[in-house]
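A short worksheet on the structure shown next.
The values are calculated or read from the model by the stated rules, or taken from the named source; none is laboratory data. Given the structure is predicted, the values throughout are model-derived calculations rather than measurements. For neighbour counting, all protein chains shown are included, and Cβ atoms are generated from backbone atoms with ideal geometry for every residue, glycine included.
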Amino acid sequence: MPNRRPRDLLPLVAPVHVLILGVIVLPSVYVLWLSLTASSFGKAPVFVWLDNYARILADPAFRSALWNTIVIVVAAVHVELLLGLLLALLFASGLPLRRLLLVCTLAPYAVSEVVAVVAWRYLFDPDAGPVTQALHALGLPVLDWSFEPLHAMMLIALLTIWLHLPFTFVILYAARLAIPAELYEAAKIDGARPFQAFRRVTLPLLGPAIVVALLFRYIFAFRIFSEVWLLTGGGPARTTEVVAVYLYREAFSYNAFGTAAATAWIMVLASLVLALGYVALLRRQVDVDAH
C-alpha cells in the first residue's frame, strides 16, 4: 500500500470529526455559554458571567448534594472494587459451575436501572418488603429508608454497587486471566504462600487494571442520578439529593437554565480533575512496570 499524506486521509476521518463536533463539542460550548447567563422560559438570556457559579457554590443545598455525592461515590466504588477483586480471584481459582455463576454475576448489568429501582423498592418496602420481613424474622434492624436519611443513603449505595459491580468485575477478571500461570508456579517453587503470591505477583500486575476500573467508576458514579431520583427523589427533605438531582431541579423545577448549566460544568470539571489524577497514577504504574 503506497504511503499517503495526512491530507489524503482527511476525507476518511471527516465523518467522525463532524459527529464529535455536532454531538459533543458544540453542545458543550452552548452549555458553557448558557452557564454565563441568567436564562429561563420566556426570558432573554442576560450575561451574568460567573455569578451562577458563585451562587451555586454558596448554596447550602448544592454543598449538601455535593457531600452526598462524594459519600455515595467513595463508599460504593471502593466496595465494588473489593468485591470485584474477590470475585475475580474466586473465579480464576477454578470455581465449580463457573459458567452458571458467571452469568449470575453479570446479570445485574443487563437490568434496566428503572426496573432495578422498582424491584428494590418492593424488596425493601418498609412495611411489606420480603427483605424487610426477613430482617424482622431474624431480629435484625431494617432499612427505614423512606424516613431515615442514613438508611436511604445506604440503600442507594447498595443499589449502585449491585448494578455496577459486573463492570468492575469484568475488568479485574480479564486482567487476572492475563497473568501467566508460570509466575505462580515460580512463586510456589520459591516457597511463597498463597497470600504472598497475591501480594507479590497478583496485586502488582493487577495495578493498572485496578486504576482503570477506579477511573471509570469514579467518573460514572459521580453522575449518579437514576438510583437517587427513582428511589427517594432526593428526599426526605432533600437530605439524599446528589449533584445530578440538584441540576435536574434547577433546570426543570425552577427553570433556572443558567445555574443548571453551571452545575453541569462543575460536574465536568470535577470529573476531569479526578480523571487527570488517576491517569497520572496509571502512567506512573506503567512506567514502573516498564522499568
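Taking the options Thr160, Thr168, Thr132, name whichever one is among the hydroxyl-bearing types (Ser, Thr, Tyr) and within 16 Å of Trp229 (Cα to Cα). Let's see the steps before the verdict.
Working: Thr168 fails: within 16 Å of Trp229 (Cα to Cα); Thr132 fails: within 16 Å of Trp229 (Cα to Cα).
Criteria check complete, one pass: Thr160.
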When you check Leu50 against the structure, is it surrounded by fewer than 12 Cβ atoms within 10 Å (Cβ to Cβ), at pLDDT 85 or above and more than 28 Å from the chain's Cα centre (by Cα), yes or no? yes
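What helices (runs of 4 or more DSSP H) lie completely within the range 192-291 and have 2 or more residues being within 21 Å of the chain's Cα centre (by Cα)? Spell out how you get there, then give the answer.
Numbers: elements: 194-197, 203-222, 226-231, 243-248, 257-290.
Helices (runs of 4 or more DSSP H) meeting the threshold: 203-222, 226-231, 243-248, 257-290.
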Could you tell me how many of the residues in the range 119-147 are touching a residue at least 24 places away in the same chain (Cβ under 8 Å) and either out of contact with any Leu (no Cβ under 6 Å at 6 or more places or on another chain) or loosely packed, with under 15 Cβ neighbours inside 10 Å (or both)? 3
Name the single residue, out of those in the range 220-253 being aliphatic (A, V, I, L, M) and surrounded by fewer than 17 Cβ atoms within 10 Å (Cβ to Cβ), that is farthest from Met154 (Cα to Cα). Ala237
Just a yes or no: is a residue in the range 70-83 in a helix (DSSP H, G or I), farther than 19 Å from Ser253 by Cα, without any contact (Cβ under 8 Å) to a residue 40 or more places away in the chain and more than 16 Å from the chain's Cα centre (by Cα)? no
Flag for Ala44 being small (Gly, Ala, Ser), surrounded by fewer than 14 Cβ atoms within 10 Å (Cβ to Cβ), free of Cβ contacts under 8 Å to residues at least 60 places away in the same chain and part of a helix (DSSP H, G or I): no
Output the qualifying pairs, or none if there are none: Cβ atoms under 8 angstrom, residues six or more apart or on different chains, first residue in the range 263-277 and under 15 Å from Asn52 (Cα atoms), second residue of a type in the set (Gly, Ala, Ser) and in a helix (DSSP H, G or I). Ala264/Ser35; Trp265/Ser35; Met267/Ala244
